[in-house]
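No lab work stands behind these numbers, since they all come straight from the coordinates. This is a predicted model, so every value here is computed, not measured.
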Amino acid sequence: MSRLSYIGLVVAGLVLCDESLVRAGRQQVNQSATAQGDAERGRAVFNGKGVCHYCHGMDGYRDKLPQLEADTAALIARLNPPPADLRNSKTLHLKNDKQRAKAVREGHPGTGMFPDTTMTNQELADMLAYLTLLRAEGSAARK
């Protein structure tokens, strides 16, 4: 399946999403809030299963997007607002892991970020640990 088809299916799934799926996502957010994460495993989720790197760049570097089909890359390039720079904590609106977990599970209103209900609670906790590392690396680089 092409990546564009995958994104199309995700968007179609969002349109068909019912309240029970949203409720399930909220329950998973609450359960994952206390899980211990591993940043290195989170890196693999971010750059793989989570497809976060499609929009946020490999390892959170916005200028290092993966090779995508032209249609998919064009859709991402037109996102308004553009995907967040996860290495610049000064520009990030979500300030804690509970908010970040909710955005991953339910999507982030007002942006092009769609929900991801395929990650396990452990994968989500691992990815949140990785996001913490990205913010720390970004802050250190700006000093």
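Results, tabulated for the structure shown:
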item	result
Shape call, segment 84-143: gyration tensor on alpha carbons, a/c limit 1.5	oblate
Gain on full stretching of the segment that runs from residue 64 to residue 80 - 0.36 nm per residue minus C-alpha separation	3.9 nm
